[in-house]
Amino acid sequence: MVERESYLLELSRYLHLNPLRARLAAKPEDYPYSSYRAYVLRGEDDLTDRDLILGMISGGGRGGRGRYREFVERVLGEELESPLKGVYGGMILGGRRFIKEVLGRLKDRVLLEEEGISQRRELRTGWGKDVVVEAVCRHFRLSQEELFQNRGLARKVGIYLMRKHTGLTNREIGELFGKITYSAVAKVQERFSGQLSRDKSSRQTIREIRAKMSHVKP
């Protein structure tokens with residue numbers, strides 16, 4: 001998913017210049033397996049949907065082909081940094097606000113699957129595990145060792161927040177909390193989620209700990 005306003009044109013240009021970087025052609029239109037000719041020349045093919053890119057470069061008016069050629073060829077001979085370096089979670093390219101909006105639209109069930117989309121852990125990561133551990137320990141006034149050996153509320157809260165805000169799997173969380181099974185982690189998560197819906201005090205505990213975590217930049 002690409003943020004159109006800030007990233008799409010740059011990404012399109014970068015991809016159309018790939019053959020030059022690979023030394024497969026001297027000019028972008030010389031490479032026969034690229035859509036670039038369809039963008040800058042009339043009547044080249046009827047398969048490429050180029051209206052979005054040309055509309056962006058021309059502001060919705062005429063002259064899109066010429067402006068796009070100028071936009072692409074303006075940087076010939078320059079070393080362009082790949083916009084793909086900024087891809088978040090293997091699938092989102094955009095600014096911080098755009099990434100948050102996309103993550104907010106993703107279904108929880110997709111993000112919680114043990115087997116799912118590529119790099120799903122990165123998508124779910126809001127804070128590192130150390131941030132969660134520190135915040136929970138501070139709230140309950142426990143050491144890390146005491147937290148991981150705890151069998152009460154602190155453990156439930158820790159597991160819940162680990163699942164919500166880190167990229168750790170149930171198995172990895174179980175290893176931290178006294179080597180409990182991944183299925184036990186899932187049960188704790190499910191039961192505590194139900195407890196939150198019924199218990200105002202538990203919800204307040206989560207809010208207070210999240211407030212501590214929010215002071216740390218994800």
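Data for the structure
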item	result
Any hit, the stretch 127-149, residues being of a type in the set (K, R), surrounded by fewer than 18 Cβ atoms within 10 Å (Cβ to Cβ) and at positive phi	yes
Extreme residue, farthest from A25 (Cα to Cα), among residues of the stretch 68-105 that are in contact with a Leu (Cβ under 8 Å, 6 or more places away or on another chain) and in a helix (DSSP H, G or I)	L103
Entirely in the stretch 126-218, the helices (runs of 4 or more DSSP H) that have 2 or more residues that are closer than 24 Å to K100 by Cβ and among the β-branched types (V, I, T)	129-140, 200-214
Residue check, S12 among the polar types (S, T, N, Q) and either in contact (Cβ under 8 Å) with a residue 40 or more places away in the chain or assigned by TED's automatic domain parsing to the domain that holds I92 (or both)	yes
Residues located in the stretch 35-73, provided they are farther than 19 Å from L8 by Cα and either surrounded by fewer than 12 Cβ atoms within 10 Å (Cβ to Cβ) or of a type in the set (D, E) (or both)	R42, G43, E44, D45, D46, L47, R62
Any chance P32 is more than 22 Å from V2 (Cα to Cα) and either of a type in the set (F, W, Y) or surrounded by 17 or more Cβ atoms within 10 Å (Cβ to Cβ) (or both)	no
Index of the failed condition, G77 passing every other in (1) modelled with pLDDT under 85; (2) within 23 Å of A22 (Cα to Cα); (3) surrounded by fewer than 17 Cβ atoms within 10 Å (Cβ to Cβ)	(1)
Inter-residue pairs, beta-carbon under 7 Å, first more than 10 Å from Y160 (Cα to Cα) and in the stretch 178-196, second basic (K, R) and surrounded by fewer than 16 Cβ atoms within 10 Å (Cβ to Cβ), 6+ apart	Y182/R171; L196/R203
Qualifying position, being aromatic (F, W, Y), in a helix (DSSP H, G or I), in contact with a His (Cβ under 9 Å, 6 or more places away or on another chain) and within 30 Å of V102 (Cα to Cα), among Y7, Y14, Y39	Y39
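Condition check ((1) of a type outside the set (A, V, I, L, M); (2) modelled with pLDDT under 90) across all residues:
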{"position": "V102", "(1), (2)": "no, yes"}
{"position": "R109", "(1), (2)": "yes, yes"}
{"position": "E113", "(1), (2)": "yes, yes"}
{"position": "Q149", "(1), (2)": "yes, yes"}
{"position": "M162", "(1), (2)": "no, yes"}
{"position": "R171", "(1), (2)": "yes, yes"}
{"position": "S201", "(1), (2)": "yes, no"}
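The values are calculated or read from the model by the stated rules, or taken from the named source; none is laboratory data. As the structure is a computational prediction, the values presented were derived from the model and not from experiment. Neighbour counts are summed over all protein chains in view; Cβ atoms, including those assigned to glycine, are modelled from backbone coordinates with ideal geometry.
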